[in-house]
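To start, the structure under review is shown below, and the notes come after it.
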Number of protein chains: 2
Amino acid sequence: MAISKRVKNALEGASWVRKMFEEGEALKRIYGEDNVFDFSLGNPNLEPPASLKKALKTLADQPISGMHRYMPNSGYSETRKAIAQYIAEESDLPFEEKHIVMTVGAAGGLNVVFKALLDERDEVIVPSPYFMEFKFYIENCGGEIRLVETYEDFSLNLKAIEDAIGDRTKAILINSPNNPTGTIYDQESFRQLGDLLKRKTKELGKTLYLITDEAYRRIVFDQIKLPIPFLYYPHAIRVTSHSKDLSLPGERIGYIAVSPLCEEFDELISAIVFANRTLGFVNAPALMQRLVAPLQKNSINIREYEEKRNLFYNALKAYGYDIVKPQGAFYLFPKAPIEDEVAFVKELQSKRILTVPGRGFGKPGYFRIAYAVEKKTIEGSLPGFKEIAEKYGMGRR
Amino acid sequence: MAISKRVKNALEGASWVRKMFEEGEALKRIYGEDNVFDFSLGNPNLEPPASLKKALKTLADQPISGMHRYMPNSGYSETRKAIAQYIAEESDLPFEEKHIVMTVGAAGGLNVVFKALLDERDEVIVPSPYFMEFKFYIENCGGEIRLVETYEDFSLNLKAIEDAIGDRTKAILINSPNNPTGTIYDQESFRQLGDLLKRKTKELGKTLYLITDEAYRRIVFDQIKLPIPFLYYPHAIRVTSHSKDLSLPGERIGYIAVSPLCEEFDELISAIVFANRTLGFVNAPALMQRLVAPLQKNSINIREYEEKRNLFYNALKAYGYDIVKPQGAFYLFPKAPIEDEVAFVKELQSKRILTVPGRGFGKPGYFRIAYAVEKKTIEGSLPGFKEIAEKYGMGRR
C-alpha cells in the first residue's frame, strides 16, 4: 500500500456530501442540468455584493505596488484593524488588530486553532448533528472529537455537555447558525454554556476554550439577533469566513478573532500565527484581504435566502414533512419518514432530487437539504417531494 | 499551559528568518527604511507580468457568473488542463487534467502530499542545507525528517542518500533550484537518484516517492536547462507555485502534479484531493486559478534576477567572500569567515545589513542573502560588506 493508512481508512468512510454530489453529476449527464434538483452542496448561488465587484475593479484598474507580495503571516494590518473595529462595535469589547489573524477560510482557521491548542488525545466537544469535516480537522492535530447529542429541536443540551467534560477536554466547538440544521443557539444557551465552562475551568484547574464556527453568522432570519459568544466566556475564539456573507467560498478568505479577555493571550496568538505559517497556509490570499477590509458591514441580500427558506419550509411542511424550522444558514434538516434515511434519500433521487443522508452529519434518520440554489430549482423539486410524501403517507400522520 | 506543548516547543526554537525580519523592522524604525539593507526574506520585489495584470482587469471588468463559488477540491478543469498541457510539452509524458491538483501555494501542496503519503514515523529524506519549514510540514503528518548532507559545492551526495534509505523511508524531497543555496541539481544527479530509488524500491519491496519542490523552477540563470525529475523516476510528484515565476507569493496559488507513470495512481490522487479538502485548504483560490491558467509559459523577467546575482556575487567574490556561485533562485549562501556565523551576521547588522544565519537552514558557518530586492538595496549594502570583509582580512586569504 502506497498512501497513508490513516488516509486510506478515511477514504473508505467516504464523504456522503461528496458521494451525493457525484451521483448528482451522473444524473445531470443523463437528464440534463435543469432536470436535476441538486441540494447536495452548500455552494452559495448568489453573486458577491456590488461593493465587492467595484472594489475588485478599482484594484485591477489601479494596482497597488507590491499588492501580491508576502505580508506578515497574520495578514495586512489594515484588514485586521477593520475587522477588529467591526467586532469591537458589535461586542463592546476592546478588540484591536492584534486579536485578529486572517486565514484561508473558516476551514483553514479551524485547522489553525486546533493545531495551536491540541496535544495528542486532547478532546474537543462537538454538539451533534454536526459538519463532519470537524472530525478530520480535530484529528489532523492528534486530537479527538467527542460528540454530544442536542435536543429534538436541535437546541444545546447543557447537561449532556457537562457530562462530557473531563480531564482530556480542551475545547468545545459551537457552530451557530448550524450546518446541517440551520439552528441558532439562543442567548440563554450561550449564557449557560459560558457559566458551565467557567465552573469547569475552575474545577479542572485548566483553561477550556470556546471555539465558535460562525461561517453562517450573517445568514440569520426572522430579525433574530445572533448572540455574541465573546460576551459569555472569556476564553473564546471566533473562526469565520466571508464565504457566505460575501459569497466568496472559492476564494478562501476568513479570520480568527481571539477574545481580548483570553488568558495568556500573547502565547496563544503566537501559536496561532505559527500554525497558520507551518500548516502551509502561510497567509490568507492577499487580494481578497484587501477587498474584504472595507466590506465588514456589507453582505449579500440575506432576504433572498429567507424567502427561499419560507418557500421550501412551508411547502414541505404542508406535504407532511417533519422539520424543525431553521432560523439561519441555508439548510433544512427534515426527519425521514422511515428509519433508513439512506433508502429515503434514494427515493428522492428517483425524482431527481439530491439531498444528503443525516448519517453524513452524525444523525441517521434525517436528511439535509442545501437550498442556496436558484428559486426555480426549489420550485421544480416540489412536485417530487410531494409525490414521495404521499407515497409514504406523510400528510396523513 | 494553554497552548499545544508541541507548538510551544517549536515556538521556543524560533525561526531565524522571522527573528532577522523582526530585528530588521526595529533597525528600520531607527535608521529609516532606505538606510537598512534587508536581505532576510525571500519576498519577490518584481511586480507580476503585464499579462497577469491585464487578465485581472478583464475579469474585473467582465465578471463571470459564479466565478467565486466552490469548484471541485482539485480545482478548475480548465486550469488543470492548461498545466497538464504545459508539463506534457515539457516532459513528453502523457500528463492530463487528472494528474493535476491546484493548491494553496507550494507550502500548501507539500503539506497535502505529506498528509496523503505519511504514516506515523515514516521518514522523508531531505538534502541539507534546506528550507527549515520542511521539517514542520513533515512533522504535521506524524512523519520524521531525515537530513542528508550535500557536498561542499552543495551538489547531491548520492552515497549519503543511499545510506539514509531504510525501512522507514517513504520519500525523498528535492528542492531545486534550492533555497538557501541557489544550487540546481544537474541531470546526472537526477539520473543517479532515479536509479538509486528504483533499486531501493525493489530491495525494500515498497514504493519510494520522489517529491520535488520546484517553487523556483523558472528562476534559472546562465541558460541552464532545468532537469525534469519526471523523466528519471516514475513515482515522482512535483509541488510548485506561481509565487516566484509570476510574483504572486501573497496569493497562495500553486499545484501538485503526479507523474502518469506513478503506480496506484487513482488511490494516490484520491488521497491528495482528500488531504487538500480536510487539511482546510478546500481548494486553491478561485480567482487566481483562473488568472494563471493561460499564463503557464509566462513569467516575470528572469534576467533582472540574473543581473542582481551577477552584481552581488561578483562584488562579494571580489571582497574575498567564499561563495558557491548559484545558478538559480534568488539567494546567495556564503561561508562566514568565522565558525560562529551568528556573530558574523551580527557584524553585518552593525552595517545595517540583514541576512539569516546558516543554522536557520541546517548549516551553521554559512549565512543566507535573499536578493529579490531593489538594485539600489544591493548597491547600498556593498560598502558595508566590503568593510566587514576587510575587518576579517577576507581579501587576504
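The values are calculated or read from the model by the stated rules, or taken from the named source; none is laboratory data. Please read all numbers here as calculations on a predicted model, not as lab measurements. Reconstructed Cβ throughout: ideal geometry from the backbone, glycine too, with neighbour counts over all protein chains shown. Just so you know, the surface numbers come from the protein's heavy atoms only, side chains and all, with ligands and any DNA or RNA stripped out. Shrake-Rupley method; radii C 1.70, N 1.55, O 1.52, S 1.80 Å.
Quick notes
- 3J(HN,Hα) couplings calculated from phi for region A:291-308 with the Karplus curve 6.51 cos²θ - 1.76 cosθ + 1.60 (θ = phi - 60°) are, in sequence order, 5, 7, 3, x, 10, 4, 9, 8, 6, 4, 6, 4, 4, 4, 5, 5, 4, 5 Hz; Gly and Pro show x.
- With K and R counted +1 and D and E -1, the other residues having a Cβ less than 11 Å from that of A:LYS28 yield a net charge of -4.
- Chymotrypsin sites (Phe, Trp or Tyr not before Pro) restricted to DSSP loop in region B:1-72 with at most 10 other C-beta within 10 Å: none
- Proximity of backbone amide H atoms, modeled 1.01 Å from N, is registered between B:ILE174 and B:ILE211, B:THR212, B:ASP213 at under 5 Å, excluding neighbours fewer than 5 places apart on the same chain.
- Placing +1 on the Cβ of every Lys and Arg and -1 on the Cβ of every Asp and Glu, with no other charges, gives region A:73-175 a dipole of roughly 340 debye about its Cα centre.
- Mean separation of Cα contacts under 8 Å (6+ apart) over length of chain A, as relative contact order %: 24
- Placing unit charges on each Cβ (+1 for Lys and Arg, -1 for Asp and Glu) gives region A:252-376 a dipole about its Cα centre, and among A:CYS262, A:VAL342, A:LEU316 the Cα reaching farthest toward its positive end belongs to A:LEU316.
- Dipole in debye (nearest 20) - the protein assembly as shown, about Cα centre, beta carbon charges: Lys, Arg +1; Asp, Glu -1: 680
- In nm, spacing of pseudo-spin labels at B:ILE302 and A:GLN187 (7 Å Cα→C-beta vector): 6.4
- For region B:85-170, the set of trypsin sites (Lys or Arg not before Pro) satisfying both a DSSP loop assignment and a count of at most 10 other C-beta atoms within 10 Å is given as B:ARG121.
- 0 to 90° range, to nearest 10: angle between helix B:375-391 axis and chain B longest Cα axis: 50
- Nonlocal amide H pairs with A:LEU354, under 5 Å, H built at 1.01 Å: A:PHE37, A:ASP38, A:PHE39
- Dividing the Cα radius of gyration of chain A by its Kirkwood radius returns 0.97 for Rg/Rh.
- Listed values for region B:328-338 are Karplus-derived 3J(HN,Hα) couplings in whole Hz (6.51 cos²θ - 1.76 cosθ + 1.60, θ = phi - 60°), namely x, 6, 9, 10, 10, 10, x, 7, 6, x, 10, and x replaces Gly and Pro.
- Distance from region B:172-229 to region B:8-81 (C-alpha centre basis), Å: 26
- Only helices enter this figure: runs of n ≥ 4 DSSP H residues, each worth -39500 (n - 2.57), summed and divided by the residues of chain B, yield -13000 deg cm²/dmol at 222 nm to the nearest 500.
- Between 0 and 90°, nearest 10: helix A:77-91 axis offset from chain A longest Cα axis: 70
- In this label model, B:LYS5 and B:GLU96 are separated by 5.0 nm, measuring between points 7 Å along each Cα→Cβ vector.
- For chain A, the longest principal axis of the alpha carbon atoms and the long axis of helix A:187-204 meet at an angle near 50°.
- Loss of accessible area when A meets B, both sides summed, Å² nearest 100, probe 1.4 Å: 6300
- For chain A, modelled as a GNM whose springs connect Cα atoms under 10 angstrom apart, the maximal fluctuation among A:LEU156, A:LEU59, A:LEU93 occurs at A:LEU59.
- Distant-in-sequence amide H partners of A:VAL148 (H built 1.01 Å from N, under 5 Å): A:VAL126, A:SER128
- Relative contact order, percent, region A:247-397 [alpha-carbon distance under 8 Å, six or more residues apart]: 20
- Label points for A:ASN9 are taken 7 Å from Cα along Cα→Cβ. From this copy to the others they lie 2.3 nm apart, shortest first.
- Backbone phi angles across region B:106-113, fed through the Karplus curve with coefficients 6.51, -1.76 and 1.60 (θ = phi - 60°), yield HN-Hα couplings of 6, 4, x, x, 5, 4, 5, 5 Hz in residue order; Gly and Pro are listed as x.
- Legend: residue pairs A:LYS346/A:LYS386; B:LYS317/B:LYS386; B:LYS98/B:LYS206, Cα-Cα distance threshold 19 Å; pairs beyond threshold, B:LYS98/B:LYS206.
- Euclidean distance between Cα centres, region A:294-369 to region A:88-130, Å: 27
- Antiparallel content of DSSP bridges confined to the protein assembly as shown, in %, to 5: 45
- Between B:ASP153 and B:TYR31, the distance separating the two model label sites (each 7 Å from Cα on the Cα→Cβ line) works out to 3.6 nm.
- As a fraction of the 1.4 Å probe accessible area of the protein assembly as shown, surface on carbon and sulfur atoms comes out at 48 percent.
- Computing FRET efficiency as 1/(1 + (r/R0)^6) for B:GLU374 and B:GLU339, where r is the C-beta to C-beta distance and R0 is 30 Å, gives about 0.40.
- Full extension of the segment from A:LYS225 to A:LYS57, taken as 0.36 nm per residue of separation minus the current Cα-Cα distance, would add 57.1 nm.
- The residue among A:LEU197, A:PRO177, A:ASN157 whose Cα reaches farthest toward the positive pole of the charge dipole of region A:157-228, with charges on the beta-carbon of Lys, Arg, Asp and Glu, is A:LEU197.
- Cleavage-rule hits (GluC sites (Glu not before Pro)) in region B:339-397: DSSP loop, at most 16 neighbouring Cβ within 10 angstrom: B:GLU339, B:GLU374
- Taken about its Cα centre, chain A carries a charge dipole of roughly 620 debye when the Cβ of each Lys and Arg holds +1 and the Cβ of each Asp and Glu holds -1.
- Using a cut-off of 22 Å between Cα atoms, the listed pairs B:LYS308/B:LYS376; A:LYS57/A:LYS375; B:LYS53/B:LYS244; A:LYS19/A:LYS135; A:LYS81/A:LYS225 include A:LYS57/A:LYS375; A:LYS81/A:LYS225 as exceeding that distance.
- Antiparallel DSSP beta bridges within chain B, percent to nearest 5: 45
- Shape call, the protein assembly as shown: gyration tensor on alpha carbons, a/c limit 1.5: prolate
- Using a Förster distance of 25 Å, the FRET efficiency for A:ARG121-A:LYS19 (Cβ separation, nearest 0.05): 0.25
- Largest-first ellipsoid semi-axes for region A:1-116, taking √(5λ) over the Cα gyration tensor eigenvalues, angstrom: 36, 24, 17
- Normalised by the number of residues in region A:167-227, the average gap of Cα pairs under 8 Å and 6 or more apart makes the relative contact order 51 percent.
- In the elastic network of chain B, a GNM with C-alpha springs shorter than 10 Å, the most mobile of B:ILE100, B:ILE256, B:ILE323 is B:ILE323.
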